[in-house]
Amino acid sequence: MFTERFLRGKRGVELEPQERARLEAAITEIRTVDSRTMIVRAGERLRVSSLLIEGFMCRYIDDRNGLRQLVAMHVPGDFFDLHAYPLKVLDHDVATITPATIAIVRHDALDTILEEMPGLARKLWFSTLIDAAIHRAWLFRLGRLDAVGRVAHFLCEMNVRLVSAGLSDGHRFALGITQTDLAEICGLTNVHVNRVMRHLREERLCVFRSSLVEITHPDKLAERGQFDPDYLYIEQDCRSGSSSARLSP
């Protein structure tokens with residue numbers, strides 16, 4: 001089932017079997033995409049939205065010098081451009097970070113869902129509101145936290161989101177980003193990120209090596225990053241994970 005991770009672990013919102021079946025039926029194509037591939041270009045007219053099944057994706061904006069600022073990361077189970085349904089044109093680019101598998105849903109199929117299944121439509125809307133909540137947290141992170149806090153907050157967020165998706169055990173998860181990506185996410189230089197990761201390692205809070213993140217003390221890392229997961233709207237028992245969680249490739 002391609003939609004099994006969509007809204008998984010979200011508080012008070014869960015797809016009913018008939019809603020999930022309807023969303024599955026709305027998928028017209030499954031696409032496998034290489035890493036570092038642009039999926040949506042800013043200003044492009046869009047007639048589809050896509051659900052991320054496997055892999056990692058990002059939204060980003062380039063400055064006039066071609067330097068990139070990542071403004072969102074997407075994990076399996078995210079409808080990464082559902083907001084394109086009402087907007088039709090995005091103001092930012094969307095690209096894969098790792099090899100990815102995505103499910104394509106046409107906007108005219110979403111029109112039908114909106115008319116015939118208002119409950120499902122509200123849950124799709126809920127998922128875009130979660131995106132907005134994450135954006136606000138990213139603004140807070142960049143505006144108010146120091147370098148160590150920014151990296152700590154981001155890694156805590158990804159841990160909780162991947163626990164919810166069944167891809168972290170609460171301490172260890174695969175995150176297919178480079179140190180450069182992390183710098184672009186946190187508004188830092190590569191050199192600064194390297195220093196931050198050395199600090200977190202020496203403090204025995206976290207190790208990030210070969211795209212694998214190991215968090216020794218999630219509570220202490222969260223405290224250092226002023227991370228409060230409530231904005232993710234994920235149920236409490238889905239935040240810590242279990243030893244049976246499967247790591248992404």
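Scanning the stretch 166-219 for residues that are out of contact with any helix residue (DSSP H, G or I) (no Cβ under 9 Å at 6 or more places or on another chain), of a type outside the set (D, E, K, R) and part of a strand (DSSP E or B) turns up just one, LEU212.
Please find, among ALA95, ALA147, ALA152, the residue that is surrounded by 16 or more Cβ atoms within 10 Å (Cβ to Cβ), under 27 Å from LEU188 (Cα atoms), of a type outside the set (S, T, N, Q) and in contact with a His (Cβ under 6 Å, 6 or more places away or on another chain). Lay out the reasoning, then the answer.
Details: ALA95 fails: in contact with a His (Cβ under 6 Å, 6 or more places away or on another chain); ALA152 fails: in contact with a His (Cβ under 6 Å, 6 or more places away or on another chain).
So the residue among ALA95, ALA147, ALA152 that is surrounded by 16 or more Cβ atoms within 10 Å (Cβ to Cβ), under 27 Å from LEU188 (Cα atoms), of a type outside the set (S, T, N, Q) and in contact with a His (Cβ under 6 Å, 6 or more places away or on another chain) is ALA147.
Any idea how many residues of the stretch 90-127 are closer than 29 Å to ARG36 by Cα, in the same structural domain as GLY77 (by TED's automatic domain parsing) and of a type in the set (S, T, N, Q)? Matching residues across the stretch 90-127 total 3. Do we find that TYR60 is within 30 Å of THR178 (Cα to Cα), aromatic (Phe, Trp, Tyr), in contact with a His (Cβ under 7 Å, 6 or more places away or on another chain) and at pLDDT 95 or above in this structure? For TYR60, the condition - within 30 Å of THR178 (Cα to Cα), aromatic (Phe, Trp, Tyr), in contact with a His (Cβ under 7 Å, 6 or more places away or on another chain) and at pLDDT 95 or above - is met.
Step by step: first the residues of the stretch 181-202, then only those that are out of contact with any Cys (no Cβ under 9 Å at 6 or more places or on another chain) and touching a residue at least 12 places away in the same chain (Cβ under 8 Å), then the one that is nearest to GLU223 (Cα to Cα). Which residue is that? First the steps, then the outcome.
So in the stretch 181-202, the residues out of contact with any Cys (no Cβ under 9 Å at 6 or more places or on another chain) come out as 182-183, 186-191, 194-195, 198-199, 201-202.
This time we only want the ones that are touching a residue at least 12 places away in the same chain (Cβ under 8 Å), so: 182, 186-188, 194-195, 199.
On the way: LEU182: 20, CYS186: 17, GLY187: 20, LEU188: 21, ASN194: 21, ARG195: 19, HIS199: 15 Å.
Looking at residues that are out of contact with any Cys (no Cβ under 9 Å at 6 or more places or on another chain) and touching a residue at least 12 places away in the same chain (Cβ under 8 Å), I get HIS199.
So that you can scan it fast, the table gives a plain yes or no per residue for (1) of a type in the set (A, V, I, L, M); (2) outside any helix (DSSP H, G or I):
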{"site": "GLY77", "(1), (2)": "no, yes"}
{"site": "LEU82", "(1), (2)": "yes, yes"}
{"site": "ILE102", "(1), (2)": "yes, yes"}
{"site": "ASP108", "(1), (2)": "no, no"}
{"site": "ILE113", "(1), (2)": "yes, no"}
{"site": "GLY119", "(1), (2)": "no, no"}
{"site": "ARG122", "(1), (2)": "no, no"}
{"site": "PHE126", "(1), (2)": "no, no"}
{"site": "ASP131", "(1), (2)": "no, no"}
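For every residue, the table says whether it meets (1) modelled with pLDDT under 95; (2) touching a Lys or Arg at 6+ places or on another chain (Cβ under 8 Å).
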residue: THR37; (1), (2): no, no
residue: ARG64; (1), (2): yes, no
residue: VAL75; (1), (2): no, yes
residue: LYS88; (1), (2): no, yes
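Report yes if THR178 is more than 20 Å from the chain's Cα centre (by Cα) and of a type in the set (Val, Ile, Thr), otherwise no. Talk me through it step by step, then tell me what you get.
Numbers: more than 20 Å from the chain's Cα centre (by Cα): no; of a type in the set (Val, Ile, Thr): yes.
No: the conditions fail for THR178.
Residue count for the stretch 162-200, restricted to those that are among the aliphatic types (A, V, I, L, M) and closer than 18 Å to PRO76 by Cα: 7.
The values are calculated or read from the model by the stated rules, or taken from the named source; none is laboratory data. It should be emphasised that the depicted structure is a prediction, and the values quoted were computed from it without experimental measurement. Here Cβ is always computed from backbone atoms with ideal geometry, including for glycine, and neighbour counts include all displayed protein chains.
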